Amino acid sequence: QVQLVESGGGLVQAGGSLRLSCAASGSIFSANAMSWFRQAPGKSRELVAGISSGGSTNYADSVKGRFTISRDNAKNTVYLQMNSLKPEDTAVYYCHAVLRVGVLSGLSVYWGQGTQVTVSS
């Protein structure tokens, strides 16, 4: 059974930093795109950053220059380094991964359980 396990959320003051991690566990043949989304209270879930299996990245305009996404393919793990945090970054952050669980399997989408990030002013 494949799971995405997130860690690293918490409470931080504005201007501070946090690093989120998401490890995909279980029987995984390969991990394609991996991403971070977030959802603030009363708002829709939005893409924060994504990274392809080859390392290409994309970011929401609101986090460019402050957040960095990276991955360790050997560990099927994706990271989100968040610097210069602002109160408007407060949200539940979700890991998202497109995985192939077997050599003959198609691609499937998985979500993590979410980790709370709270930025105080």
Just a yes or no: is a residue in region 55-65 under 14 Å from residue 112 (Cβ atoms), open to solvent by 20 Å² or more (accessible area, probe 1.4 Å) and touching a residue at least 24 places away in the same chain (Cβ under 8 Å)? no
Criterion (out of contact with any strand residue (DSSP E or B) (no Cβ under 7 Å at 6 or more places or on another chain) and of a type in the set (D, E, K, R)) met by exactly one of 46, 88, 6: 88
Qualifying position, being modelled with pLDDT of 95 or more and either of a type outside the set (Asp, Glu) or surrounded by fewer than 12 Cβ atoms within 10 Å (Cβ to Cβ) (or both), among 112, 102, 26: 112
Of the conditions (1) in contact (Cβ under 8 Å) with a residue 12 or more places away in the chain; (2) open to solvent by 10 Å² or more (accessible area, probe 1.4 Å); (3) closer than 18 Å to residue 27 by Cα, residue 74 satisfies every one except a single condition; which number is it? (1)
Restricting to region 1-23, name every residue that is farther than 30 Å from residue 105 by Cβ, outside any strand (DSSP E or B) and either open to solvent by 30 Å² or more (accessible area, probe 1.4 Å) or not small (Gly, Ala, Ser) (or both). 9, 14, 15, 17
Residue 52 vs. criteria in contact (Cβ under 8 Å) with a residue 40 or more places away in the chain and open to solvent by less than 50 Å² (accessible area, probe 1.4 Å): no
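Looking only at region 29-41, count every residue that is at pLDDT below 95 and assigned to a loop (DSSP other than H, G, I, E, B) and tell me the total.
Count: 2.
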Would you confirm whether or not region 72-79 contains a residue that is modelled with pLDDT under 95 and at positive phi? yes
Quick one: how many residues across region 81-99 are aliphatic (A, V, I, L, M), touching a Lys or Arg at 6+ places or on another chain (Cβ under 6 Å) and open to solvent by 10 Å² or more (accessible area, probe 1.4 Å)? 0
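The values are calculated or read from the model by the stated rules, or taken from the named source; none is laboratory data. Note that the coordinates shown come from a computational prediction; the quantities given were computed from them, not determined experimentally. Here the Cβ is made from the backbone with ideal geometry for all residues, glycine too, and neighbour counts use every protein chain on show. Keep in mind that these areas ignore ligands, DNA and RNA; they rest on the heavy atoms of the full protein, side chains included. Shrake-Rupley method; radii C 1.70, N 1.55, O 1.52, S 1.80 Å.
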